[in-house]
Amino acid sequence: MIPVDTRDCEQCGAVFTPRREHARFCSARCRVAWNRENTSGHAAEASALDWSMSAMRDATGRLLRVTARDRARLFAVVSEAVWWVTIVDATLVRYHPDTYDGLLTGRPPADRQMIEETLAGLRFVRNRMGQYLDPADFILPAPGRPGGSDSRIRASMWRSVPEPELGSLPSPRQAWEMDRYRAYEAQLAGHSVGETFELAAAFLKLAAAEAAPAAEVRAPAAR
């Protein structure tokens, strides 16, 4: 049996079981209290979201232009897009969890599961591609079109991959990573690269748009 992951709240010190891997507080009240006591973080919050969103838009936009002829370029563009999507996701979860969770809660259960598992699956790719698995193990390039032209990278497919060996990780991290693997197999494997990034980016853009006004309100209040 895998031990339950517990940690100390950074605000009140209470021991809690995190719902997300990088959770720092036992409750929304503690998170709000910590933010009020650390007002210098508001500028960093807005800046982090702004530059990470800009980088994500650029990276996912390149998926529209790249063809499958150059596999090295294909893998590099996908890897960059994975990185920035997961950075934006982590920034929103860290600084705007209420907005993030509120948007998810407002979705029909099936849509919510698809979004959550798609983002979790991309975290699995980020953690494994290039370090434990070759990019070619994850991505099946689309075949060239008749007449010699190349298919767009967006039409390439995610491959199913073997269950990862996680024995070197601490037990709680094994559970988190196995959840990501299952999400990858459920929502990415067998689906197109373009479909995955369209879904993930659409949700993150919406969350960022709703989070931005809240950050602007808090920053003047802190000053």
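Filter the range 144-163 down to residues that are over 19 Å from R62 (Cα atoms) and modelled with pLDDT of 70 or more and give me whichever is surrounded by the most Cβ atoms within 10 Å (Cβ to Cβ). Filtering first and then ranking leaves V161. Would you confirm, using the coordinates I've provided, whether D101 is assigned to a helix (DSSP H, G or I), of a type in the set (D, E, K, R) and without any contact (Cβ under 8 Å) to a residue 12 or more places away in the chain? When the stated conditions are applied, D101 passes them. Taking each residue of the range 157-171 that is over 16 Å from E185 (Cβ atoms) and looking for partners that are of a type in the set (D, E, K, R) with beta-carbon atoms closer than 7 Å, six or more apart or interchain, yields L169/E177.
Scanning the range 111-121 turns up one or more residues that are in contact (Cβ under 8 Å) with a residue 40 or more places away in the chain, acidic (D, E), surrounded by 15 or more Cβ atoms within 10 Å (Cβ to Cβ) and in a helix (DSSP H, G or I). Within the range 9-31, the set of residues being exposed (fewer than 13 other Cβ atoms within 10 Å of the Cβ), closer than 22 Å to A90 by Cβ and among the aliphatic types (A, V, I, L, M) comprises A28 only. What is the one condition in (1) at pLDDT below 95; (2) outside any loop (DSSP other than H, G, I, E, B); (3) not β-branched (V, I, T) that L166 does not satisfy? Here L166 meets the rest and fails (2). One residue stands out in the range 169-198 among those that are in contact with a helix residue (DSSP H, G or I) (Cβ under 7 Å, 6 or more places away or on another chain) and outside any helix (DSSP H, G or I): the one that is surrounded by the fewest Cβ atoms within 10 Å (Cβ to Cβ), namely L169.
With respect to being closer than 21 Å to C26 by Cα and of a type in the set (D, E), D101 fits the description.
The values are calculated or read from the model by the stated rules, or taken from the named source; none is laboratory data. Quantities reported herein were computed from a predicted structural model and do not represent experimental measurements. Cβ sites come from the backbone with ideal geometry, for glycine too, and all protein chains shown count toward neighbours.
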